[in-house]
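Since the structure comes first, as structure tokens, the remarks are kept for the end.
Nothing in this text is a laboratory measurement; each read-out follows from the coordinates by a stated rule. If you're wondering where the values come from, they're calculated on a predicted model, not measured in any experiment. Reconstructed Cβ throughout: ideal geometry from the backbone, glycine too, with neighbour counts over all protein chains shown.
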Amino acid sequence: MKRTLSMLCVILVAMLVTACGGGGGGGGSSSPAAAGFSQTYTTSATAGELMTYSIDTSALTYSFTITKSSYGCEVSNAPCHSGSGTLTKNSDGTYTPSGSPSSKIHALQNGLLVGSVTMAFNGVSQTVPIVGVSNPITTAADLAGTFNFMSLQCAAKSYGLFTGCATYQGSATLGANGTFTTCSGDNISANVHTCTNTVSGTMTSLGGGIWQFQGTSPTLGATTNYLLAFSAPNGQKVAILDFNDATVFGYGQAILSTQVTTAASDLAGNYLWANDYGSSGVVTLNSNDTTSSGLTIAENSPWSGLATVTGGGNGTGYGMIAGNGVYVYRNPNIVGRAAYLELGLKIQ
């Protein structure tokens, strides 16, 4: 796998969460759908696409347009360039888009969007997770901090199939001077740490809250990796990375979130989740560090802000806090799904 950033995959807004549906369903009561609003989100798809995604919860419509792509989808006449349709409002506060009838979308006004989108890659329709922000950070000073990350990275273009791909976790520093350093596999803020891989580079504003993210050491990478970030109401920052880099990062997505120490009592609730294998659902995170899908969570392990997740017969997985109300979960031990990555957002 190219240099495992190696940062990952998503985001934030409303009450920290750690891990994970684990591909499980879940129950529990959910709050009703929010009052109607219209919002456009700058959005990243796990396949490595950057798009604008608009949702109108009053008119029950949605649309998206690919702006940067690994697969030529930014070209206006490409079959994968754009999509639109109607929304069905669900009792749990989520919406089902007509173009992805087995998926759900949850959107927070002036905040975050998490869900799935179906796109045609190389002539084949694939459903992939998406995460977007409505008010991205626009200055390097506001980006600065120490982050945890999880990532999905593919050595070659995956066309949404995620073959030859793997997930990673680690930490990173983003500097107010527009530089970054990543540490794969360990906590970069620890007095003693052992990184399995380190990449340094620069972040350059492209306007509109989109940043070029280029590795410069130990290898010069492509200029086609993009970062967008958001500040959560609790002060935590979340960044989304969209990888299109055959030299350093590969192809895929990463999510970073500023490091915080978690407490289960603050995280309990119901969460919409979507994974990179086309499934979605709702999972409940209980105040005793268990989930409705039969998993057990060891918080702040292997370091602050991450969680080690066991149970469910799938070996050990890992979760990450990604801002208020969002989590990221990876499990490299699921048979036939070594690149399993899951994104979730608390249903308000």
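Once you order the gyration tensor axes a ≥ b ≥ c over the Cα atoms, which shape class does region 113-192 get: rounded for a/c under 1.5, otherwise prolate or oblate by comparing a/b with b/c? Note, shape of region 113-192 comes out oblate. A full extension of the chain between residue 338 and residue 287 corresponds to an added length of 15.5 nm, given 0.36 nm per residue minus the alpha carbon distance. Diffusion coefficient (Stokes-Einstein, Kirkwood radius over C-alpha pairs, 20 °C, 1.002 mPa s) for the chain: 111 µm²/s, rounded to a whole number.
Estimated from helices alone, the mean residue ellipticity of the chain at 222 nm is 0 deg cm²/dmol (sum of -39500 (n - 2.57) over DSSP H runs with n ≥ 4, per residue).
Cβ-Cβ distance of residue 59 and residue 217, R₀ of 51 Å, FRET efficiency by 1/(1 + (r/R0)^6): the value works out to about 0.55. Can you tell me which aspartates and glutamates have their Cα less than 13 Å from the Cα of residue 89? Leave out same-chain residues fewer than eight positions away. Reachable aspartates and glutamates: 56. Taking the average, over residues, of other Cβ atoms within 10 Å as the packing measure, peptides 264-274, 287-297 rank 264-274, 287-297 from highest down.
Can you give the FRET efficiency for residue 163 and residue 77, using 1/(1 + (r/R0)^6), R0 = 35 Å, r = Cβ-Cβ distance, to the nearest 0.05? Rounded to the nearest 0.05, the efficiency is 0.80.
Farthest toward the positive end of the dipole of the chain, out of 155, 117, 347, is the Cα of 155, where the dipole comes from beta carbon charges about the Cα centre.
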